[in-house]
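Encoded as structure tokens, the structure appears first; notes follow it.
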Number of protein chains: 4
Amino acid sequence: MTDATNPDWLSTSILALQGAAKGGVGTLHELTEERQGRYHYTIGPYSDPVMTVRPGDRIKVWTQDCFEGRVKTEADKPSQVTEMPFINPQCGPIMVEGAEKGDAIAVYIETMEPRGENPRGTCCMIPEFGGLTGTIYTATLNDPLPEIVRKIDLDTENVFWSDRVTLPYKPHIGTIACSPELDSINSLTPDQHGGNMDMPDICPGNVLYLPVKVAGGRLFLGDCHACQGEGEVCGVAVEYPSITTIRVDLIKGWTLPWPRLETPDLIMSIGSARPLEDATRIAYRDLVYWMVDGYGFDKWDAYMMLSQCGKVKLGNFVDPKYTVGAAIEKKYLSV
Amino acid sequence: MTDATNPDWLSTSILALQGAAKGGVGTLHELTEERQGRYHYTIGPYSDPVMTVRPGDRIKVWTQDCFEGRVKTEADKPSQVTEMPFINPQCGPIMVEGAEKGDAIAVYIETMEPRGENPRGTCCMIPEFGGLTGTIYTATLNDPLPEIVRKIDLDTENVFWSDRVTLPYKPHIGTIACSPELDSINSLTPDQHGGNMDMPDICPGNVLYLPVKVAGGRLFLGDCHACQGEGEVCGVAVEYPSITTIRVDLIKGWTLPWPRLETPDLIMSIGSARPLEDATRIAYRDLVYWMVDGYGFDKWDAYMMLSQCGKVKLGNFVDPKYTVGAAIEKKYLSV
Amino acid sequence: MTDATNPDWLSTSILALQGAAKGGVGTLHELTEERQGRYHYTIGPYSDPVMTVRPGDRIKVWTQDCFEGRVKTEADKPSQVTEMPFINPQCGPIMVEGAEKGDAIAVYIETMEPRGENPRGTCCMIPEFGGLTGTIYTATLNDPLPEIVRKIDLDTENVFWSDRVTLPYKPHIGTIACSPELDSINSLTPDQHGGNMDMPDICPGNVLYLPVKVAGGRLFLGDCHACQGEGEVCGVAVEYPSITTIRVDLIKGWTLPWPRLETPDLIMSIGSARPLEDATRIAYRDLVYWMVDGYGFDKWDAYMMLSQCGKVKLGNFVDPKYTVGAAIEKKYLSV
Amino acid sequence: MTDATNPDWLSTSILALQGAAKGGVGTLHELTEERQGRYHYTIGPYSDPVMTVRPGDRIKVWTQDCFEGRVKTEADKPSQVTEMPFINPQCGPIMVEGAEKGDAIAVYIETMEPRGENPRGTCCMIPEFGGLTGTIYTATLNDPLPEIVRKIDLDTENVFWSDRVTLPYKPHIGTIACSPELDSINSLTPDQHGGNMDMPDICPGNVLYLPVKVAGGRLFLGDCHACQGEGEVCGVAVEYPSITTIRVDLIKGWTLPWPRLETPDLIMSIGSARPLEDATRIAYRDLVYWMVDGYGFDKWDAYMMLSQCGKVKLGNFVDPKYTVGAAIEKKYLSV
């Protein structure tokens, strides 16, 4: 049986081997709606912390969906019930004791569950947003696509997409980040700090490593998805309110240029940029550096070897920056 | 036991259901080096056919590696032993009886085997070519990366990358295309005709569908890889001479804007363009259209559903155009 | 004789015709180094205003160069004497009385003069920054270009580039913006708010219109250039400390999606995005809308006509977002 | 008075100083519709030459408009009266005596005149083509823009755009190229060979230099525009049939990676690629190299100096590849 709180593989992870908690599991906190109070639509150093935790502590986070629950029926148009830039509400900031600029915060995602009695997710087509439409950046004169809303029943096993199709429940965290040093970045944009990466691998069972730029790290998260395809092509996943339980740890002195991810089977570097090839370059370059610094590979050997066994996962190609993960299986890293 | 010549699933494929051969298997041809004579470095309507086959026929193609065998040792620099644009030699053109503009040619890849007594592959870093370097397009003033050649032993199970790492033998066809109507496109560039897609899924066991633009289709192929990572980040895979056995069929009146692929488990549309987001847009749009035309989905339902379960595979992001496949599992397509 | 404070053409400008000051010229303020105190490296709503002015008021702004004066000799490497993200210091924020979300602030640039006794500018090549090098986004494994610093004598007529070449003094403001609503954006990045556009036309004699998102507008500016080529190809202009005199006005209810510019001869929309074609699309689309809303053109007539007489100016293609202006001569706008 | 055949400045041009004709003017040829016979829609080495000329010779070319005259009235929809890929007909190929791979062919454009009794140009909006619309590459699901045709009266001074607007007649050659070595490239695509650059500076009075890849060079041209804005934003200029008179010369041993241009006042390198920043990088890098090789500048001095005085001209950002010219004024090149 797998123990989601502390699965076997985790004892060999960077989190366990290098984390300040030395693999130990601490106190469980709960970040309810009440405790959160107002949500944040921008990720930066200017908001008041909602709680402080210690390395190894666990937090049960009550996330809102990206529409903050305002799209209640299929008649509720996002363009009418929401207002930019008050979109994609984030929980936090959570302060991690001892975190300083130059460290990394590790987030192990234990579980994600739908919240509410009859849990439903929301998908929609939003005018001038998405992968197959003109947008405010890829600015065209075409009429926008129709604004269509779908409410989707779901449970912890299934997402009941339509009469015809049932999809598996495969939740992940769409937006998660520590704070930049001086900037405050809207919660729709991924960047070096993490943010709206929409990377399906940021899911239960895996560990995300985020660069720390300010004291305490200031961890934000939200925007959970009951499932999502690679690329999130229409711009919207099955958005739902969740109870997401994470364990937080602190890697002192591990200075990351971009977020990194660890799963039982692979390590992944995550880049966010436009155009999409730049996101891919960032991810692959960081992975080369990681193989050199963390696993003793020669730089050119790593580069050529990834050309034979590297894996690429597309997060989103619809947000203000696009997100790509470049990964290698751990079995090729052992000496 | 799987029969590579005609596996069970193939009887339910588009090739079998709509192909002119009605699932039948025809004559086996052999396209040896001798029969090929001169290779082609440009894919178009101006070269002389090497053979004509009928729908259902099989062809054993003796491909050259992309350096035409000129990189014999690790001391042979590609920049010295090869000369642009005489690179990436293609076998063919093979004419398919009955193929006309507006049809599709189906290529089922049966097997790929290394050629030669002590088979070895070649990988290298080529100046101003690859994903993590300035190139002739992403033109920079930086000094080029060093030119390094690796010769790699391999057999039908393993690619012996280094003392430290052995990779699995997972061959695929790097370059394969029918001819454009008027243009002749160098064998390094993928486009609507197919070409240098470097898509790992164009491998034994799968079926590729290519648009026909001229009578006979004029099928070219070459550039086989013993294995390749997603993105082919350094620009070069484990390049090797192969014996690649394909079965060719003809789908009359199936007019494809871009290549499409079918595997036992999924269908994939393949786009090639720059920037990389455009390749992704092309692939996903074509997949939406395919779901509508081929499987009866409503257009907006397909678009939103792919946002939940679409898969993306990166071919290359190093060639003159980048290649992306967008796919959906067949289990979601059944009525 | 031209009166820089109030040239003839200005009476026909949008600033004069629609500004709250009705073309009137108000009080002259001075924003010295002393009054400014600390500079800002991020443009947002979280900093303390340095002054409040009324529509029509003039302000003499003592700007710092983008290195805050730390590159004093050609031996001072920017990578050693500056520290990210404390780069490109901005003066302000200046509050404009009456400005509210949905308005536009007009900035007429009267004059720009070098500051200091023996005025010199600074140009340099910064590792992993610039148009013809790998960068942190266009991430490559090539060695960086050399870090070279040039100190350049200049006066109000000439920039003494080298023994061989003297360039004309053609100053402009590299970075200027009102605050976003919730975000705070580093001063290196241009976006909808304006920011580091590096557009040579934001120069003495012209009027820039900026969207207002928060009460008072919160105007920031800095990063003045004694001259700059289109694209700012090496990433750095002739950076210098200036005394820049502007007149500020307020257009109530003119809601701009992106910055706009007016000169004696043309109107220009300014977009900032990646890839560069998206910046161009943004600029041209906004110009079409401006021709429709402001000058009574039919949308398709405007679109096709710009295909015959539109002008494009490249600001920078080196910053985190690239900047493009699309313009049309005023002579084609009259009825 | 200016002599279009041989203006004063031309004696100091690269054409005159390094051309095989040593500034001499040779025979005048005429390439009429009759002599041309069939037009070409692809630029390559596989078509039959229409004439051979000597360096210094002049040619009066009767070009067709890009629709080959099929759009006769505003009721003729291009999508109905034309058929891909038979679009943008090219005159040629013209062979230049003595031209070999590694040389450059110089084309001085003397004059361009409208052809026909009541000369009219054609502009239109073509579905899924243009800068502000989804296209086959920037693939969207939006409905296409309306297909609108405009027929425009013009003479050698004016283009009578509308009741409201008259534009100046400023003709240029949209498509001009020598042949690639092995490929044949459709006449809609610009690339290293030249092609559909849509650069307004390829106009009467200027000299274009094109790389030679095959014996004789094989010069093609067509697609003349009575005027065109920068970027050609709707995808179509004022397309018209012309009589274009050029003088052709041959620079032996001048091996160009991309086309270059010379005017009385500046030199320009021309790059074509996607995304648009890559076209800009190509153009600027080639200009740096040109300043080094042709004018004795230090590489880093040239790079930093262009950051202060470089000029950028956008050709098209609507074709399969985008075109950018990077230029410097000649006055900064003298020693």
The range D:40-53, subset touching an Asp or Glu at 6+ places or on another chain (Cβ under 8 Å) and open to solvent by less than 30 Å² (accessible area, probe 1.4 Å), residue nearest to D:Ser179 (Cα to Cα): D:Gly44
Subset of the range B:197-215 (residues that are more than 14 Å from chain A (Cβ to nearest Cβ), of a type in the set (A, V, I, L, M, F, W, C), assigned to a loop (DSSP other than H, G, I, E, B) and within 23 Å of A:Cys309 (Cα to Cα)): B:Met197, B:Ile202, B:Cys203
Any hit, the range A:241-253, residues being closer than 19 Å to C:Ser184 by Cα, touching an Asp or Glu at 6+ places or on another chain (Cβ under 6 Å) and aliphatic (A, V, I, L, M): no
Strands (runs of 3 or more DSSP E) (entirely within the range A:59-131) containing at least 1 residues that are within 30 Å of A:Gly217 (Cα to Cα) and touching a Pro at 6+ places or on another chain (Cβ under 8 Å): A:90-96, A:104-114
Evaluation of B:Gly56 against (1) away from chain D (no Cβ under 14 Å); (2) in contact with a Gly (Cβ under 7 Å, 6 or more places away or on another chain); (3) open to solvent by 10 Å² or more (accessible area, probe 1.4 Å) (one fails), failing number: (3)
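Filtering the range D:319-332 down to residues that are open to solvent by 10 Å² or more (accessible area, probe 1.4 Å) and not basic (Lys, Arg), which residue is farthest from the chain's Cα centre (by Cα)? Explain how you work it out, then say what you get.
First, pick out the residues of the range D:319-332 that are open to solvent by 10 Å² or more (accessible area, probe 1.4 Å): D:320-321, D:329-332.
Narrowing the set further to residues that are not basic (Lys, Arg) leaves D:320, D:329, D:332.
On the way: D:Pro320: 15, D:Glu329: 20, D:Tyr332: 26 Å.
Among those that are open to solvent by 10 Å² or more (accessible area, probe 1.4 Å) and not basic (Lys, Arg), it is D:Tyr332.
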All positions within the range B:166-193 that are assigned to a loop (DSSP other than H, G, I, E, B), surrounded by 22 or more Cβ atoms within 10 Å (Cβ to Cβ) and among the hydroxyl-bearing types (Ser, Thr, Tyr): B:Ser179, B:Ser187
Within the range B:135-156, tally of residues that are in a loop (DSSP other than H, G, I, E, B) and over 25 Å from the mean Cα position of the chain (by Cα): 9
Residue ID - most open to solvent (accessible area, probe 1.4 Å), chosen from residues in the range B:292-311 that are touching a residue at least 24 places away in the same chain (Cβ under 8 Å) and within 8 Å of chain A (Cβ to nearest Cβ): B:Lys311
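Return yes when D:Pro168 is in the same structural domain as D:Gln228 (by TED's automatic domain parsing), under 23 Å from the mean Cα position of the chain (by Cα) and within 22 Å of D:Gln90 (Cβ to Cβ) and no when it is not. Working first, answer last.
Working: in the same structural domain as D:Gln228 (by TED's automatic domain parsing): yes; under 23 Å from the mean Cα position of the chain (by Cα): yes; within 22 Å of D:Gln90 (Cβ to Cβ): no.
Taking the combined requirement at face value, the residue does not satisfy it.
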Matching residues, the range A:236-262, being within 30 Å of A:Thr133 (Cα to Cα) and either among the charged types (D, E, K, R) or open to solvent by 10 Å² or more (accessible area, probe 1.4 Å) (or both): A:Glu239, A:Pro241, A:Trp258
Residue tally, condition of a type in the set (S, T, N, Q) and surrounded by fewer than 22 Cβ atoms within 10 Å (Cβ to Cβ), over the range C:59-85: 4
Checking A:Val335 against (1) under 22 Å from B:Thr138 (Cα atoms); (2) modelled with pLDDT under 95; (3) of a type in the set (A, V, I, L, M), the condition it does not meet: (1)
Any hit, the range A:219-231, residues being within 10 Å of another protein chain (Cβ to nearest Cβ), touching a Pro at 6+ places or on another chain (Cβ under 6 Å), among the hydrophobic types (A, V, I, L, M, F, W, C) and surrounded by 24 or more Cβ atoms within 10 Å (Cβ to Cβ): yes
Those residues of the range D:31-49 which are closer than 16 Å to D:Met95 by Cβ and of a type outside the set (Phe, Trp, Tyr), in sequence order: D:Leu31, D:Arg35, D:Gln36, D:Gly37, D:His40, D:Ile43, D:Gly44, D:Pro45, D:Ser47, D:Asp48, D:Pro49
Within the range C:152-165, tally of residues that are surrounded by fewer than 17 Cβ atoms within 10 Å (Cβ to Cβ) and either touching a residue at least 12 places away in the same chain (Cβ under 8 Å) or not assigned by TED's automatic domain parsing to the domain that holds C:Arg247 (or both): 4
Any chance D:Val324 is more than 7 Å from every other protein chain (Cβ to nearest Cβ), of a type outside the set (Gly, Ala, Ser), touching a helix residue (DSSP H, G or I) at 6+ places or on another chain (Cβ under 7 Å) and in contact (Cβ under 8 Å) with a residue 12 or more places away in the chain: yes
Filtered residues of the range D:218-239 (kept if under 14 Å from the mean Cα position of the chain (by Cα) and of a type outside the set (Gly, Ala, Ser)): D:Leu219, D:Phe220, D:Leu221, D:Asp223, D:Cys224, D:His225, D:Cys227, D:Gln228, D:Glu230, D:Glu232, D:Glu239
Scope the range C:98-148; condition within 14 Å of chain B (Cβ to nearest Cβ), open to solvent by less than 10 Å² (accessible area, probe 1.4 Å) and touching a residue at least 12 places away in the same chain (Cβ under 8 Å); matching residues: C:Met125, C:Gly130, C:Gly131, C:Leu132, C:Thr133
In the range C:1-53, the residues that are in a loop (DSSP other than H, G, I, E, B), touching a Leu at 6+ places or on another chain (Cβ under 8 Å) and free of Cβ contacts under 8 Å to residues at least 60 places away in the same chain: C:Gly23, C:Val50
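Say whether the condition of being of a type in the set (Asp, Glu) and modelled with pLDDT under 95 is met by at least one residue in the range A:63-73.
Here is the first cut: in the range A:63-73, the ones of a type in the set (Asp, Glu) are A:65, A:68.
Okay, now just the ones that are also modelled with pLDDT under 95, so none.
Looking for residues that are of a type in the set (Asp, Glu) and modelled with pLDDT under 95, one finds none in the range A:63-73, hence no.
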Scope the range B:263-286; condition open to solvent by less than 20 Å² (accessible area, probe 1.4 Å), more than 9 Å from every other protein chain (Cβ to nearest Cβ) and of a type outside the set (Ser, Thr, Tyr); matching residues: B:Ile267, B:Met268, B:Ile270
Tabulated pairs, the range C:235-253, first within 14 Å of chain D (Cβ to nearest Cβ) and at positive phi, second aliphatic (A, V, I, L, M) and assigned to a strand (DSSP E or B), C-beta under 8 angstrom, 6+ apart or interchain: C:Gly235/C:Met125
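Residues checked against (1) farther than 26 Å from A:Ala273 by Cα; (2) out of contact with any His (no Cβ under 7 Å at 6 or more places or on another chain); (3) not assigned by TED's automatic domain parsing to the domain that holds C:Ile94:
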site	(1), (2), (3)
C:Asp198	no, yes, no
C:Val212	yes, yes, no
C:His225	yes, no, no
C:Val233	no, yes, no
C:Thr245	yes, yes, no
C:Ser272	no, yes, yes
C:Phe297	yes, yes, yes
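The values are calculated or read from the model by the stated rules, or taken from the named source; none is laboratory data. Everything numeric here is computed off the predicted structure, so don't read it as measured data. Glycine gets a Cβ as well: all are built from the backbone with ideal geometry, and neighbour counts include every protein chain shown. For accessibility, only protein heavy atoms count, side chains too; no ligands or nucleic acids. Shrake-Rupley method; radii C 1.70, N 1.55, O 1.52, S 1.80 Å.
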